[in-house]
1. What is the number of the single condition among (1) part of a helix (DSSP H, G or I); (2) modelled with pLDDT under 95 that Ile490 does not meet?
2. Only one residue in Met537, Met571 is in contact with a Leu (Cβ under 6 Å, 6 or more places away or on another chain) and more than 15 Å from Leu614 (Cα to Cα). Which one?
3. Taking the conditions exactly as written (within 30 Å of Ala555 (Cα to Cα), of a type in the set (Val, Ile, Thr) and assigned to a helix (DSSP H, G or I)), does Thr628 satisfy them or not?
4. Farther than 30 Å from Phe498 by Cα, without any contact (Cβ under 8 Å) to a residue 40 or more places away in the chain and surrounded by 15 or more Cβ atoms within 10 Å (Cβ to Cβ): is that true of Ala632 in this structure?
5. Being surrounded by fewer than 15 Cβ atoms within 10 Å (Cβ to Cβ) and in a helix (DSSP H, G or I) is the filter here; which residues of segment 638-655 pass it?
6. With Ser518, Ser474, Ser508, Ser529 as the choices, which residue is surrounded by 14 or more Cβ atoms within 10 Å (Cβ to Cβ), free of Cβ contacts under 8 Å to residues at least 60 places away in the same chain, of a type in the set (S, T, N, Q) and under 25 Å from Phe590 (Cβ atoms)?
7. May I ask you to verify whether Val412 is surrounded by fewer than 11 Cβ atoms within 10 Å (Cβ to Cβ) and either at pLDDT below 90 or not basic (Lys, Arg) (or both)?
8. Run down Arg220, Arg230 and say which single residue is under 30 Å from Thr277 (Cβ atoms), in contact (Cβ under 8 Å) with a residue 12 or more places away in the chain and either of a type in the set (S, T, N, Q) or surrounded by 10 or more Cβ atoms within 10 Å (Cβ to Cβ) (or both).
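The values are calculated or read from the model by the stated rules, or taken from the named source; none is laboratory data. Small disclaimer: the values here were computed from a predicted structure and weren't measured. All Cβ positions, glycine included, derive from the backbone under ideal geometry; neighbour counts span all protein chains shown.
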Amino acid sequence: MKSPGVASPSARGPPSALTTPSFFHTPPGNNRLPSTIPSKNPLALRLYKVLGANYSDASTKEALETLSSFYSPVAATEPGASASMLGAPVLKEPDRLTRDGPEDEEEEEEPDEVWGAEYARKARRKQTEMEQPVDGELALRARKGLRRDIETKLAESSRKFLTAFAEVDKKLDILQVHVGEMQTRCDEAQSKLQATNESCKHLLDRAEGLRAQREATAARQSIISLFLSRFTLTEEETQAVASRDVPVGPQVFAAMDRIEKIRIDCRVLMSGEEGETKAGLDIMSLTASLLDQAYNKLARWTSFEFRQMGKDASLDVAPLMQEAVLRLRQRPELLNDSLKILTEVRQATLLSSFLEALTRGGPGGLPRPIELHAHDPTRYVGDMLAWVHQAMAGEREFLESLFGVRGDNRMVGSVRQAKGTEEEEYVAKLMDGDLEKLSMPLRVRVLQTVKSQEGSITAYKIANLLQFYLLTVSRTVGEEALLSKTLKAITDAAYQVFFDTIDAQGRSLLRFLHPPDSDLSPPLALRDSSQVLREIMAVYDSSLLGDEDPTEREAAFAQILEAAVDPAMEMCKRMSDLREGMPTWDKAVFLVNCTTYMQNMLQAYSFTSTHVALLQKEVDRNIRTMVTEHSAFFLKESGLEPIVQAMDSKPEDTPLSRLPSASSQALTAALTQFDSFLSTLDPSSSPRLSLLSPWRHRDSSSKRGASAPASKVGNDATVQVYRIGCLAKILGPGWGGRVHGVGVGCLEEFEKSLKLALGT
């Protein structure tokens, strides 16, 4: 049935897939639609909806293209085109589904391709019979059978789905059977599992308890492992401490440090609130045993090394030995045993080296044997002492290196300052022991050399040399060391020999006396003994270390000065008394000559100031005697002596003119003699002063010692001037002024002459 207003296919233009209805086209000359269309007209609403639809979106275009290809004439003529596309009758699905019986089941089992092929053959056969459709017929057919074709297509697709789902349903039925069987088996397993759980509940509880115990045990094991790792040694550390196969080295020292650390930690553990525990006591006991084994091992090793290294003259201490000795200081008894072995070996080695140096010399004969110089006592003793001192220095260096004593940046030759540390005590003790056996051969040879000396200079050189080495050795090894005591005994013996020699020389000076020479010069014996003393003082001055106190230096040499100077001065006094009738002036001049000679020699050294002062007192005493004698000589030669004696002896109530020696005749004679005396007086060239040795042998070194005697001369001259002044007052203004002037001039000239004679 055709819809009204739709043109026939023959009246429209060329055929198209979809033909637009004729009322979609506007009449010519009228491009506008009616402005008013009933709003309730279904057709108008449909048109509005169709005209308002948008056919440019992708989905709409795809649907139209699919529909166009579905009804395309080309597609209809292609082989295999479906019957529905050509308008062939299609078997409806309900007719097919109502078939019964075996044939229907067989048809159902046939695939869809069989049905499609049959319809296709029929369609092709019908198509060949039909003529080519006219324009618009295909579009008309599409409009009429679109729903049917779509439903047919849907039915065909549904049939295919049903066929496929039928197979799936069969499989699902089979699967359902299997699932049921599986469910049965699972139920059986579940029941068995429940029964098993009921029966194993006790075991599970037991297992839970064991698991908890295992965790607790694991925690305890971890704690115990940490405890053991902190408070016990490893197998390697134990072997290092206890086994003889492990040599002493860093491994042993590390194990000992580990033991000490364990003991410190254990003491902290035992000092807790719970107090001492059995574990702590056991650890302390075990570590103490291991530590004792370690120290015993170190002691054995050091003893062996000391036996080996003690045979060498010069030693180098390895760091390993220093560490071992440092650790053994924690066990003094073990260290002392090892050091005793070292001392014995070093004693034998040093003694052998000393005897070899005495008799055989050095390697290859250089240096030469010391005993070849036995004819030179000073060199012989000095070489022995130098060898001992060198050995002592090498031994101290070795021991300081052994005990790790650090240097104090002491300059060479400076005094060593003892610090009193434990290391210093060990070093001093070992040095005393190492050098002990050198004392006996040194003592025998030095004493034999000292006692065979007859000269005081050689004896003093040896004694002074021994004194120097005694001071050096005492500062190095201490005064209580055997070597120091031996050197002190030898030094005392040498000084005793020296003083015996000096005393013998002094006795010889006093034994062979003779009167002074006519020139009153110092005797030859005095000059010889002074020369010996000069050499002794030179030796003493060269042996000073430079750090002594001046008072100590002077006190140390005072005994020698007393032994040498006093006998010489006594000899001079006794010699001055040997000449019968020797004037007092000559005695005083002789003693001044001898004393100033000795004084000039002593003034060259600073440590003789006390004796120089004593000799100066003797010079002053003799000069006062000379001044008295010379003033008396002037009075006697001038004729004024009787007048002066009268002035000294007259009573206070008696006038001087009544005395016979002061009478006018006596005064006239005295003044006549005095006048002639003044005409011949030359005090500066007095022959009496020419006998003074300083007059002929002035020495600049005697100026300091002669200043005091000159002042004494001035004091005595002042007394004489006063006495002459009194005489001038008595004689009157005529002679008094002359006597006073001459007397003062004479005494002043004498004072000048005496000062000149003494070199001032």
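1. (2)
2. Details: Met537 fails: in contact with a Leu (Cβ under 6 Å, 6 or more places away or on another chain).
Residue meeting the stated conditions: Met571.
3. No, not satisfied.
4. Yes; evaluated as a whole, the condition is true for this residue.
5. Kept after step one, since they are surrounded by fewer than 15 Cβ atoms within 10 Å (Cβ to Cβ), are these residues of segment 638-655: 645, 648-649, 651-655.
Correct list: Gln645, Asp648, Ser649.
6. On inspection, the qualifying residue turns out to be Ser529.
7. Working: surrounded by fewer than 11 Cβ atoms within 10 Å (Cβ to Cβ): yes; either at pLDDT below 90 or not basic (Lys, Arg) (or both): yes.
Spelling it out, Val412 is indeed surrounded by fewer than 11 Cβ atoms within 10 Å (Cβ to Cβ) and either at pLDDT below 90 or not basic (Lys, Arg) (or both).
8. So the residue among Arg220, Arg230 that is under 30 Å from Thr277 (Cβ atoms), in contact (Cβ under 8 Å) with a residue 12 or more places away in the chain and either of a type in the set (S, T, N, Q) or surrounded by 10 or more Cβ atoms within 10 Å (Cβ to Cβ) (or both) is Arg230.
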